[in-house]
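Novice: If you scroll down you'll find the structure; I have some questions about it.
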Amino acid sequence: QVQLVEAGGGLVQAEGSLRLSCAASGRIFSINTIGWFRPAPGKQRELVATITSGGIINYADSVKGRFTISRDNAKNTVYLQMSSLKPEDTAVYYCNADVREPRRLSYINSWGQGTQVSVSS
């Protein structure tokens, strides 16, 4: 079993900043892609930012230049530094990761419970 626990959400004024973290725990051999998603109109969840084990990063167009994703492999943790926040960034942010357990060949996709980010105008 793998758990993803998010932290760092809260209420902030427009143009403010927040830093989210997501720590993976449990039976972990390796983590491939890990990142952040949020609900979007017409979609269940949309990609905000992801980072692979090799350091390849992908951002949604709406957050490029404002959000920065990073990971600490020793801590099995991913971070999302959010700056110049806008009211439209208000959402529950979910952590998602592809995790390989010891003695397993395949990766399992896991979700965290989410952390609320609210941006006031």
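Novice: Divide, for region 1-56, the radius of gyration over alpha carbons by 2.2 N^0.38 Å, where N is the residue count.
Specialist: Taking the Cα Rg and dividing by 2.2 N^0.38 Å, one obtains 1.35.
Novice: Then there's this: Counting Lys +1, Arg +1, Asp -1, Glu -1, what net charge surrounds Leu20 among other residues with beta carbon under 13 Å of its beta carbon?
Specialist: Residues close to Leu20 contribute a combined charge of +1.
Novice: May I pose another question? Chymotrypsin sites (Phe, Trp or Tyr not before Pro), restricted to region 40-121: which are DSSP loop and have at most 15 other Cβ atoms within 10 Å?
Specialist: Hits after loop and neighbour filter: nothing returned.
Novice: With a sphere of radius 14 Å drawn around the Cβ of Ala49, what net charge do the other residues whose Cβ falls strictly inside it have (Lys, Arg +1; Asp, Glu -1)?
Specialist: Charge balance in the 14 Å sphere: +2.
Novice: Averaged per residue, what accessible surface does the chain expose to a 1.4 Å probe, in Å²?
Specialist: 54
Novice: Straight-line reach from Lys75: which lysines have a Cα under 28 Å away, not including same-chain ones fewer than 8 places off?
Specialist: Lys64
Novice: Identify the trypsin sites (Lys or Arg not before Pro) of region 7-64 meeting these criteria: DSSP loop state and at most 11 other C-beta atoms within 10 Å of the C-beta.
Specialist: Lys64
Novice: For region 1-85, state which GluC sites (Glu not before Pro) are in a DSSP loop and have at most 14 other beta carbons lying within 10 Å of their beta carbon.
Specialist: Glu15
The values are calculated or read from the model by the stated rules, or taken from the named source; none is laboratory data. Remember, predicted model here, so these are calculated numbers, not experimental data. Every residue, glycine among them, receives a Cβ derived from its backbone with ideal geometry; neighbour counts consider all protein chains shown. Side chains are part of the model used for accessible areas, which takes the heavy atoms of the whole protein and leaves out ligands, DNA and RNA. Shrake-Rupley method; radii C 1.70, N 1.55, O 1.52, S 1.80 Å.
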